[in-house]
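Everything below concerns the one structure shown next.
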Amino acid sequence: MEKIAVEYKDKDVEFYQLYTREPHAGQDLSKRSGDKRYDFSEKKQTKTMEEREIYAAEMIEEWGQNRPILIDIFGEDCVQNWLGGGAPNSLAVIDKDGKLVLWQVWSDAKELREKIEEMTKSESN
């Protein structure tokens, strides 16, 4: 997603990342990827907003995130629950009028790119 955000930064498209929960807490996925950044064995599931803030800051540093990161609240009213799906890699596209125009339970870069192209072309006409 970072790559797509860079592609569209000059086309009046804004990208945000919503940190909802630690998707791979306690897992070591580095062996299959060969990348030590995928070793989450020391990560615990967050229980406080402070922990989420710390993990979000680490994500910016470790992964080179340039998108602003929003941090979801806990409980029934969290964004992850009310948008549906509950997957840790969901995606929402909201147009300039605040209308949800694309929802993906699991983010799909190709579909996202197609939707942004459609939206930016219609705005320039």
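None of the figures in this text is laboratory data; all of them are computed from the coordinates on show. Only a predicted model underlies this, so the values are computations on that prediction, with no experimental measurement involved. Every residue, glycine as well, gets a Cβ built from its backbone with ideal geometry; the counts of neighbours run over all protein chains shown.
A quarter of the convex hull surface defined by the alpha-carbon atoms of the range 10-93 gives 6.7 nm² as the mean projection. Between 100, 112, 70, the residue with the greatest mean-square fluctuation in the GNM of the chain (Cα pairs under 10 Å linked by springs) is 100. Over the range 2-124, Cα pairs under 8 Å with separation of 6+ residues give a relative contact order of 22 percent. Only loop residues by DSSP count here, and only those with at most 12 other Cβ atoms within 10 Å; note down the trypsin sites (Lys or Arg not before Pro) in the range 19-92 that meet that. Here the sparse-neighbourhood loop sites are 44, 47. Checking the Cα-Cα distances for 99/121; 9/115; 11/115; 3/44; 9/96 against a 22 Å cut-off, the pairs over it are 3/44. In degrees from 0 to 90, rounded to the nearest 10, what is the angle of the helix 109-124 Cα long axis to the longest principal axis of the chain? Between the helix axis and the principal axis of the chain, the angle is about 30 degrees.
Stokes-Einstein diffusion for the range 41-87 at 4 °C, viscosity 1.567 mPa s, with a Kirkwood radius from C-alpha pairs, works out to 108 µm²/s.
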